[in-house]
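Read the structure below first, then the notes.
The values are calculated or read from the model by the stated rules, or taken from the named source; none is laboratory data. Just so we're clear, the structure is a prediction, and the values are computed from it rather than from any experiment. Reconstructed Cβ throughout: ideal geometry from the backbone, glycine too, with neighbour counts over all protein chains shown. Heads up: the accessible areas ignore ligands, DNA and RNA and are worked out on the full protein's heavy atoms, side chains in. Shrake-Rupley method; radii C 1.70, N 1.55, O 1.52, S 1.80 Å.
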Amino acid sequence: MNSPEKSPPRLPPDSPPEPILTVPGALTAYVLLLAVLHLRVLLPPELENWTIDVFGFIPGRYDTTLLAIAYPGGTGAKVWTFVTYSLLHANLSHLGFNVVWLLPFGSALARRFGAVRFFVFMAVTAAAGALAHLVTHEHAVAPMIGASASVSGTMAAAIRFAFVKGSFLSFNRGDADAAAKVPALSLSHALRNGRVLGFLGVWFGVNIVFGVGSIAIGADGASIAWQAHIGGFFAGLMLFSLFDPVPHAPPDAADASSPDASNRR
């Protein structure tokens, strides 16, 4: 007598398969905002230029040694452009480059911080980038635009926990939410971590090459404001703890993939 065939077990209806790549809502909203604002390139040239002048960051606005120039936006633009410049991009390649780098680091940070902290963090690192650009380009009259300073800030903040066991750059990582919530290293311990120092070396090396070589982006030849990158990066690295809701890791926390981690068990 043949036994009846057993049907394969079925997943509960309320347990859909986990997607391979998920982007948190806060980051999705931020990227969509960048994309919508980039539609300004469809405006007539005069109106598009006016938009960049009003919302781009122009160091000349604050230079009292120059002849009086009536910049669009008036006094208010001296305040809001510290942030609004980061929402505009020169072209699609400029926008796409920033979004590609923002997806892995920004996703982890948005999950960790939550929407409100994440948006404030992006604004603060943008302002830090603008300040660094102002200090190094005090007489410049060309507008600076782009989210690179904030993207650099997310990268700097993320490396405070990215290499800890279970996080997203660890060889022993968990799911996306768990990877974003591992305890972070203190700043002093992060700066003694070999993988963090390696990341810092590569990041600063690339920015030095871009700065010294004056490498341009896009077809219009716009040069990269690498000083703003560094300003945003330092702000993200130093101010991370002010935004982080997760308690820090103990001093001896390490990635289980490191050679000496297993010896301490």
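Once the range 160-208 is narrowed to residues that are part of a helix (DSSP H, G or I) and under 17 Å from PRO24 (Cβ atoms), the residue that is farthest from the chain's Cα centre (by Cα) is ALA178. Among the residues of the range 185-237, the ones that are aliphatic (A, V, I, L, M), modelled with pLDDT of 75 or more and out of contact with any Lys or Arg (no Cβ under 7 Å at 6 or more places or on another chain) come to 13 in all. What about PHE121, is it under 11 Å from the mean Cα position of the chain (by Cα) and at pLDDT 95 or above? Yes, satisfied. If you go through the range 152-209 and keep only what is crowded, with 22+ Cβ neighbours inside 10 Å and in contact with a His (Cβ under 6 Å, 6 or more places away or on another chain), you end up with SER152, ALA184. Scanning the range 132-150 for residues that are of a type in the set (Gly, Ala, Ser), assigned to a helix (DSSP H, G or I) and open to solvent by 10 Å² or more (accessible area, probe 1.4 Å) returns ALA132, SER148.
Each row is one residue, and each column tells you yes or no for (1) part of a helix (DSSP H, G or I); (2) surrounded by 18 or more Cβ atoms within 10 Å (Cβ to Cβ).
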| site | (1), (2) |
| --- | --- |
| ALA70 | no, no |
| ALA77 | yes, yes |
| PHE82 | yes, yes |
| VAL100 | yes, no |
| ALA108 | yes, yes |
| VAL116 | yes, no |
| VAL120 | yes, no |
| ALA127 | yes, yes |
| ALA130 | yes, yes |
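One residue stands out among those in the range 37-68 that are open to solvent by 90 Å² or more (accessible area, probe 1.4 Å) and assigned to a helix (DSSP H, G or I): the one that is nearest to GLU138 (Cα to Cα), which is TRP50.
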